[in-house]
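Below you'll find the structure, written out as C-alpha cells, and then a few comments.
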Amino acid sequence: MPDWRELVRQRLSGLALDAEEKDEVQAELAAHLEESYEVFCKGGLPEKEAVHRTFEQVADWRDLQRRILIAKRSGHPMQKRVHQLWIPGFLTMALSIVFLVTLQKLGFNVRMVSWRDSDIFFYAPWLVSLPFLGALGAYISSRAGGSRGTALLASIFPALALTLTFLLMFPIDMIIEPIIGRRVDFNIVAAVLLKDGIGWILVPGAALLVGGLLVHLLFGRRLLPQDTAIG
Amino acid sequence: MIGSGIKRGTAELAILSVLEEGPLHGYEMARRIEEQTKGALRFTLAALYPMLYRMEQRGWIRGSWETSDNGRKRRCYRLTPSGKKKLLPLRKEWEELFGALKRLTKVAHA
C-alpha cells in the first residue's frame with residue numbers, strides 16, 4: 001500500500017500554513033485517500049488501478065493547495081481571537097478575582113511563608129481554586145477552536161494580566177515618587193516585586209497552568225484541533 | 001450552467017444536512033451525500049475539504065480527531081449551534097427556490 005501521508009506531504013509541500021495546521025491537513029487528506037483506496041481494492045480493483053482511481057479525486061494539487069489556503073484564511077482572525085483567547089481569559093480572570101474577594105470577605109487568612117529574611121504571602125484557599133479556573137479557561141478556549149497554546153494562554157491569563165500590572169508599576173513608581181518628592185529605594189522596590197511576584201504571579205500562574213494542562217491531557221484529543229496523532 | 005454561488009449553496013446545505021444526523025469524517029460524509037442523493041451530488045476530495053475548512057472557519061462545523069473502533073484516527077466534523085442556526089434558513093431558501101423552479105417548469109410545460 002502506498003504511503004499516503006508521504007504522497008500528500010510531497011504534493012502539498014507548499015501549503016503556507018503553520019507547521020501544526022499543515023501537518024493536520026496532510027494527515028486528514030491522507031486518511032481520506034487511504035480509505036478511498038481501500039474501498040477500491042475491496043471492490044476488486046487491482047492495486048495499480050486503485051491508486052490511479054484514488055488520485056483521480058485531485059486533478060490539480062496546486063489548485064487544491066491554493067483553495068485550502070484561501071478556505072483556512074477565510075475566518076475572521078479578530079473574532080477568532082476574541083472567542084479563543086479574550087473571552088475565556090477575561091472570564092478566568094474575573095472569576096479568580098471574584099473568588100479571591102469572596103474568600104477575603106469570608107475571613108480566610110493569608111498564609112505567610114518566610115524565605116531568606118522576607119515573608120511571602122500565599123492565599124491557600126484561593127490557590128486551591130485556581131487549577132479549576134485555569135481548566136475552565138482552557139476548556140472554553142478549546143471549545144472555541146483555540147490551539148493548545150491559546151488554550152494554555154487563556155488558562156494562565158490572570159497571572160499574565162497581573163505580571164503586566166507589576167511590570168507597569170515599576171516604571172510608573174520611578175516617575176511618580178520623585179515628582180511627589182520621595183526618594184525611591186530600588187532595592188526595596190525590587191524585593192517587594194520579587195516577593196509579590198512569587199506569591200501573586202508565579203505560584204498562582206503555576207496553579208492555573210496545572211488546570212490548563214489537565215484539560216489538555218484529559219480532553220485534548222477530543223477538543224483541540226491541532227492534535228496530529230495520526231499514525 | 002449552474003453558477004458557483006448556487007453550487008456552493010447546494011454543497012453547504014448537503015454538508016450541514018448530513019451532519020445534522022451526527023458527526024462524520026470527510027470520507028464518510030462524501031459517501032453519505034452520494035448515497036442519499038443517489039449519485040446526483042458527488043464530492044471529490046478536492047471539492048470537499050476546502051468547503052469543510054471554510055465552513056469550519058465560519059463556525060458552522062467543528063472538527064476534532066477521534067479514534068474509530070478499528071483504531072483509526074479520523075477528523076470528525078459535527079454541527080455547531082451556529083451551524084444548526086444556519087441550516088434552517090438555508091433549507092427554507094432552497095425549498096423556496098426549488099418550489100419556484102417547479103412552478104415555473106410546470107407552467108412552461110402546460
If the label point sits 7 Å along Cα→Cβ of B:Glu34, residues of the range B:42-82 with amide N under 13 Å come out as B:42-48
Mean 1/r over distinct Cα pairs of chain B, inverted to a Kirkwood Rh in Å, yields 15.1 Å
Residue-ordered couplings for the range A:10-19, obtained by feeding phi - 60° into the Karplus form 6.51 cos²θ - 1.76 cosθ + 1.60 and rounding to whole Hz (Gly and Pro as x), are 5, 6, 10, 5, x, 5, 7, 10, 5, 3
So, with points 7 Å from each Cα along the Cβ direction, the A:Glu38-A:Leu167 label distance in nm works out to 4.9 nm
What the Cα atoms of the range A:11-92 span along the principal axes, largest first and in whole Å, is 58, 26, 17
Note on the range A:50-93: C-alpha Rg/Rh, Kirkwood Rh, two decimals, gives 1.37
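Quick one: if the Förster radius is 41 Å, what FRET efficiency do B:Ser68 and B:Leu101 give, using the C-beta to C-beta distance and rounding to 0.05? Working shown, then result.
Numbers: r = 40 Å, r/R0 = 0.98.
Efficiency at R0 = 41 Å is approximately 0.55.
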re chain A: pairs of Cα atoms spaced beyond 33 Å account for a percent value of 43 percent
Residue span A:Leu217 to A:Phe99: 0.36 nm per residue of separation minus Cα-Cα distance leaves a gain in nm of 39.9 nm
Whole-Hz Karplus couplings 3J(HN,Hα) for the range A:203-213, θ = phi - 60° and coefficients 6.51, -1.76, 1.60, Gly and Pro as x, run 5, x, x, 5, 5, 5, 5, 4, x, x, 5
In degrees rounded to 10, the 0-90 angle between helix A:186-197 Cα long axis and the longest Cα principal axis of chain A is 50 degrees
Between the Cα axis of helix A:61-72 and the main Cα principal axis of chain A, the angle (0 to 90°, nearest 10) is 30 degrees
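Full-extension gain between A:Val210 and A:Leu193, please, as 0.36 nm times their residue separation minus the C-alpha to C-alpha distance.
Result for the pair: 3.7 nm of gain on full extension.
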Note on the range B:31-95: alpha-carbon gyration tensor, axes a ≥ b ≥ c; rule is a/c under 1.5 for rounded, else prolate if a/b larger than b/c, else oblate; result oblate
Mean-square fluctuation maximum in Gaussian network of chain A, Cα pairs under 10 Å, restricted to A:Ser129, A:Ser36, A:Ser147, hits A:Ser36
Within 10 Å of the Cβ of an average residue in B:40-48, the count of other chain Cβ atoms is 4
Per the 1/(1 + (r/R0)^6) rule, R0 = 30 Å and r from the Cβ atoms of A:Phe121 and A:Arg143, FRET efficiency to 0.05 is 0.30
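The numbers here are math on the coordinates, done by the rules we state, and not lab data. These figures come from a predicted structure and were not determined experimentally. Neighbour counts are summed over all protein chains in view; Cβ atoms, including those assigned to glycine, are modelled from backbone coordinates with ideal geometry.
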